[in-house]
Each structure stands twice: as C-alpha cells, then as structure tokens.
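Throughout, read-outs are computed from the coordinates displayed, never taken from laboratory work. All of these numbers come straight from a predicted model, not from anything done at the bench. Every residue, glycine among them, receives a Cβ derived from its backbone with ideal geometry; neighbour counts consider all protein chains shown.
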Amino acid sequence: MAQPNLAQNYVKHLRTETFPALRTLPGFVSASILSRRLGDGVEFIIVTKWDSLDAIARFAGADLEAAVVACRSRGDDD
C-alpha cells in the first residue's frame with residue numbers, strides 16, 4: 001500500500017522502469033495497473049499477462065503464485 005502523496009511516483013516507476021523491462025522478456029504479453037483508495041493509502045494490484053506458464057516460470061521461478069518484486073535502488077524516494 002502506498003501513501004496517497006506517493007502513489008503517482010509508484011505508477012510512474014511502473015510505466016518507465018518495470019513495464020519496459022518486462023517487455024524485453026520472452027513470453028511477456030502485457031501489464032495493467034489497478035488501484036483503489038483504501039483507508040489512509042492507495043492499494044495497487046499489478047496484473048501481467050504471459051503467453052504460457054513456461055514463460056511465467058522463466059520469469060518468476062518454480063512458484064508461479066509468488067509475487068516478484070524488484071529491490072528498490074538506493075536513492076529512491078518513494
């Protein structure tokens with residue numbers, strides 16, 4: 001969950017860093033950002049589409065249900 005004043009930073013990061021990186025992976029089809037206000041924050045769900053379970057496994061590893069979250073770089077403010 002993101003603080004409301006930082007939510008747009010997260011969306012920008014997804015669109016400028018994460019999604020372009022995913023587009024370079026074999027089998028990646030598309031990604032969508034879903035969000036909603038929840039309590040004092042903004043909740044995000046990122047939905048990705050792949051052409052096969054094998055493509056997902058190459059990206060995510062053996063546990064196809066596990067979330068894959070990139071590490072934050074030093075200097076990130078959000």
Legend entry - region 4-60: C-alpha pair distances exceeding 18 Å, %: 40
Legend entry - 222 nm mean residue ellipticity, helices alone, for the chain (DSSP H n ≥ 4; -39,500 (n - 2.57); rounded to 500): -6000 deg cm²/dmol
Legend entry - Residues V47, V11, sorted so that the one with the fewest Cβ neighbours within 10 Å comes first: V47, V11
Legend entry - V11/F59 FRET efficiency (R0 25 Å; Cβ-Cβ; nearest 0.05): 0.70
Inset, instruction - Express as a percent, rounded to the nearest 5, the fraction of DSSP beta bridges in the chain (both residues included) that run antiparallel. - result: 100
